[in-house]
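Asker: Can you read through this structure? Questions will come right after.
Values in this text are rule-based calculations from the coordinates and carry no lab data. Treat the numbers as computed from the prediction; the structure is a model and nothing was measured. Cβ placement follows ideal geometry from the backbone for every residue including glycine, while neighbour counts extend to all protein chains displayed.
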Amino acid sequence: MTIFLSSCAVEKKKLTENVGKYFPPNTDDTNFKNTLTTNKNFDETWTYVIDFVKDSFFKIENIDKDSGLLTLSFGPKEPEKFINCGDFEYTLFFTGEEFKGSYIDYAKSGLLAVLDAKMNITIQKIDYESTKVSINTNYTYSTQHALGYYDPKLNQTYSFVSGGYQTIDVINPIKGSIPTRTCKSTNFAENVIFNLIK
């Protein structure tokens, strides 16, 4: 009888224990080059880029042809295209709920998660037959527990640039997972522009 009761107690403890694992993205491949020289002249390059972004996922924030600066924003929709925050899995033994997938999908399902990305494209004339294009993007990815109110202690914000990443400590990481989370740029948005003008 004692053995039976003790085994039940162990089983009950397991049923109320949440466990999980977090797998950060690879950050060894951050050798992104943000400058490209094309064999098109300035006007051709400028027009080509403007015509493309007007009908794309980018939103134009500012255009200044005289300085060659174009400022774009993107990210609220499909953040998984633009950033990689690793993979996550958990099991809630009390409810039996399980999750296995990208950390962004987890954040979208249980948190208030927002990606805000601002891209500056600088297009500069080299000579009559070539143009230099530089891209710099600032990424801000914020996650907030969906508690119905804003609590700055629960807000987690990642800030990084094209080709970069940030690792932060998280509040109350699930048992079995490391206490940090990492988000990095996939360079998808930058490469869309570079592939366009190559």
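Asker: Let me check against my output: what whole-number percent is the relative contact order of segment 41-89, with C-alpha pairs under 8 Å and at least 6 apart? Walk me through the numbers on the way to the answer.
Answerer: Details: 29 pairs, mean separation 11.0, N = 49.
Relative CO of segment 41-89 lands at 23 percent.
Asker: While we're on this one: Given a cut-off of 22 Å, name the pairs among K54/K198; K54/K108; K33/K54; K21/K118; K40/K184; K81/K184 whose C-alpha atoms lie farther apart than that in the structure shown.
Answerer: In this structure, K54/K108; K33/K54; K21/K118; K40/K184 lie more than 22 Å apart at Cα.
Asker: Once fully extended, how much extra length lies between N39 and F94, figured as 0.36 nm per residue of separation less the alpha-carbon to alpha-carbon distance?
Answerer: Here the answer is 13.6 nm.
Asker: Order the peptides 64-70, 80-86 from the highest to the lowest mean number of other Cβ atoms within 10 Å of their residues.
Answerer: Averaged packing, sorted descending, gives the order 80-86, 64-70.
Asker: Which whole-number percentage describes the relative contact order of the chain, with Cα contacts under 8 Å and a sequence gap of 6 or more?
Answerer: 27
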